Each structure stands twice: as structure tokens, then as C-alpha cells.
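Written out below as C-alpha cells is the structure these notes cover.
Please treat every number below as a calculation from the coordinates, not as lab data. Keep in mind that this is a model prediction, so the values were computed, not measured. Neighbour counts are summed over all protein chains in view; Cβ atoms, including those assigned to glycine, are modelled from backbone coordinates with ideal geometry.
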Amino acid sequence: MKINKIREMSSADLEKELGELKTELFKLKFSLATNGLENPMKIKEVKKDIARVNTILTERKIAEKKGDN
């Protein structure tokens, strides 16, 4: 997922996407442990997407706090 696409999403959409990514990561890890994955690099990609979403959410929270002051 590209960072520009993530920045365009609303905070509520990002929270929803974060939940979906975490679920996908769990399923990928479970699949890897039980019968192997065709593309193990997918786990790395999903982890990076989770980090990107968390970064944008944190940036928005910080900006919101600065706006309140």
C-alpha cells in the first residue's frame, strides 16, 4: 500500500484498515507455521503496511494535540 493512499484515508478508515492488516498478518503467520507459504515476503510487506498506518495515525494525533494548544 502506498503512503499517498494511506494519507488520503480518514482516521476511521485507517483504524479499520489496521484491524484488517493485523488479521491478515495473523493468518499469514499461521499459514506459514502449518503448511508453509508460497510467498513468505508477504509477511514483511504486511508488517510494513501496519507500520505505515500506525505512523500516519500517530502524526494525526500529534497534529491534533498541537492544534488544541
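General observations
- For Lys22, a cut-off of 22 angstrom between C-alpha atoms picks up these lysines, skipping any fewer than 8 places away in its own chain: Lys2, Lys5, Lys42, Lys44, Lys47, Lys48, Lys61.
- Restricting the GluC sites (Glu not before Pro) of region 1-56 to loop positions (DSSP other than H, G, I, E, B) with no more than 15 neighbouring Cβ atoms within 10 Å leaves Glu38.
- Gaussian network model of the chain, Cα within-10 Å springs - most flexible of Thr55, Thr23, Thr34: Thr34
- Computed magnitude of the charge dipole of region 3-68 (debye, nearest 20; Cβ of K, R +1, Cβ of D, E -1): 240
- Label zone at Asp13, where the point sits 7 Å out along the Cα-to-Cβ direction: region 23-55 residues whose backbone N lies under 16 Å: 53-54
- The chain: angle of helix 11-34 to the longest principal axis, Cα-based, in degrees nearest 10: 20
- Given R0 = 25 Å, the distance between the Cβ atoms of Asn54 and Ala33 translates into a calculated FRET efficiency of 0.55.
- Nearest 10 degrees, 0 to 90: helix 41-68 Cα axis against the chain principal axis: 10
- q = 0.20, 0.21, 0.26, 0.29 Å⁻¹, the chain: log10 I(q)/I(0) [Debye, one scatterer per Cα]: -0.81, -0.86, -1.10, -1.23
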